[in-house]
Every structure is written in structure tokens, then in C-alpha cells.
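For reference, the structure discussed in these notes is given below.
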Amino acid sequence: MQPYFLPYIGYFQLIGSVDLFIIYDNIKYTKKGWINRNRFLRDGADFVFTVPLRKDCDFLDVKDRAVADDFDRGKLANQLREAYRRAPHFDQAFPVIENSIMSTQANLFDYIYGSVVDVCRYLRIGTRIVASSSVAIDPALKAEDRVLALCKVTGASGYVNAIGGQELYSREEFEAHGVELKFLKSHPITYPQFGRPFVPSLSIVDVMMFNSVPRIREFLETSYELV
């Protein structure tokens with residue numbers, strides 16, 4: 001999977017559903033994607049928060065990009081603090097989020113990787129998480145060929161992708177290589193948000209602020225199906 005900073009809960013459902021989770025670090029950074037940004041709740045509406053990057057070549061891999069030198073980590077942490085300070089689980093969840101934001105890692109991938117590990121630890125997800133560049137395959141491989149190569153090297157008998165990848169991969173091709181292909185389809189998840197209409201698909205930050213760890217564990221374990 002691509003790396004994302006504090007992504008939505010479906011990303012963590014995916015991590016929790018497998019034995020080994022590989023995050024791509026040796027892929028091109030996509031400027032208009034969600035690698036270094038996400039959405040949080042403010043005054044009943046969704047707002048985007050962003051980790052600014054150092055200006056560099058648009059064709060660099062994620063692992064070769066850096067967080068901006070003038071990134072004000074404290075300002076971002078304060079934005080989320082003010083947005084959620086009255087949330088029922090703020091006292092438990094915010095220190096985890098603050099720790100991720102205030103990380104001194106300058107490398108973009110390392111910064112994101114650290115945040116994913118922090119959240120997994122808080123949510124009691126024990127899946128092993130590794131960077132794709134640490135797996136010895138041909139880095140020139142793309143799309144389905146890359147995934148199959150990763151499965152072969154790691155000895156995987158099954159591969160799970162987010163439901164959005166259905167059009168990208170062929171079950172027949174995976175079966176020909178002895179790999180069972182499945183897709184994770186998240187069920188709708190709702191919970192109270194300060195008594196206002198629910199705003200869906202926000203960062204895991206929102207889920208953590210409004211739900212206890214046991215409740216989030218229920219979302220992680222039961223609010224999806226593999227198809």
C-alpha cells in the first residue's frame with residue numbers, strides 16, 4: 001500500500017487483516033494524492049491538514065522526499081488540539097497523535113511510517129510493517145507484477161488490497177502464481193461527533209478522539225468484509 005499520514009480507519013483495517021503489511025517507499029510521490037495530507041473535523045465540517053514538503057523534483061520517490069524545513073509541527077498539533085480538546089477520548093488519544101506530529105524525522109517516508117506504527121501500537125495492532133525497499137525484488141516492476149514479486153519473495157499465499165483496487169488486479173493471474181487475491185470492503189462506520197451530523201471518512205485522528213480503544217477494535221475486527 002501507499003504510505004499515508006494518519007489515514008482513515010480502512011487503512012488500519014487492512015493492516016489488521018494481514019500478517020505482513022508492506023508500505024511502498026520506493027514509488028513516485030504523487031502531488032495531488034493523500035500521502036501527506038488528510039481531513040479532520042472542525043466546527044462540524046471537514047478540513048484538510050497537510051504536512052508541507054521541501055521543494056524538490058516531482059519525479060522523486062517518496063523515500064527521497066523531505067518534510068519542509070519550516071514545517072511548524074507545533075501549529076499542526078495545536079490545530080488538532082483545539083478541534084478535539086472536548087472530545088470524549090482526547091486525553092488518551094491526543095498524546096499519540098501529538099507524538100507522531102512532533103516527530104523530528106525529516107524524511108517524508110520515515111515521518112509517515114512512524115505515525116502508522118504509533119497508531120497501530122495504540123490500537124493494539126500487532127501486524128509486522130515493513131518498507132517495500134527492504135524486500136529484494138526488481139524495483140522497476142510495476143503494479144500487479146510488483147505485488148506478485150513481493151508475494152513470491154515473502155512466501156505469501158494470499159494478498160489483500162483495498163476495495164478500490166479491484167480493477168487493477170486479476171484473480172486469475174494471482175491464482176496462477178499460487179496467491180489468493182481478496183479485497184477489503186469497509187462497512188459504514190458512524191459514531192457521535194459533538195452531537196452534530198456525522199462527517200464520514202476522516203483521518204483516524206477523528207476515530208480515536210471519539211471512540212475508546214475497545215470500540216475501535218470492534219470497528220477494526222468486524223466492520224469490513226473480504227470479497
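Just a few scattered comments:
- The shape of the stretch 97-227 can be summarised by an equivalent ellipsoid whose semi-axes, obtained from the alpha carbon gyration tensor, come to 30, 21, 13 Å from longest to shortest.
- Additional length obtainable on full extension of the chain from residue 45 to residue 143, 0.36 nm per residue less Cα span: 31.8 nm
- The chain: angle of helix 108-122 to the longest principal axis, Cα-based, in degrees nearest 10: 70
- Cubic angstrom per residue, convex hull over Cα atoms of the stretch 9-226: 125
- With a Förster radius of 35 Å applied to the beta-carbon distance between residue 194 and residue 171, the computed FRET efficiency rounds to 0.20.
- Extension gain, residue 91 back to residue 107 (0.36 nm per residue minus Cα-Cα distance, nm): 2.9 nm
- For the pair residue 99 and residue 154 in one chain, pulling the backbone fully straight at 0.36 nm per residue adds 16.7 nm over the alpha carbon distance.
- In the chain, the DSSP-assigned H stretches of four residues or longer account for a calculated mean residue ellipticity at 222 nm of -10500 deg cm²/dmol, using -39500 (n - 2.57) per stretch and the full residue count as denominator.
- Of the GluC sites (Glu not before Pro) in the stretch 154-227, the ones in a loop by DSSP (not H, G, I, E or B) with at most 13 other beta carbons within 10 Å are 167.
- For residue 39, the residues whose amide H sits under 5 Å from its own are 49, 203, ignoring neighbours fewer than 5 places away on the same chain, with H placed 1.01 Å from N.
- Principal-axis tilt of helix 213-222 within the chain, Cα atoms, nearest 10 degrees: 30
- Cα convex hull of the stretch 1-105, projected area averaged across orientations, nm²: 7.7
No value in this document is a laboratory result; all are computed from the given coordinates. These numbers come from a predicted model, not from an experiment. Positions of Cβ are backbone-derived with ideal geometry, glycine not excepted, and every protein chain shown enters the neighbour counts.
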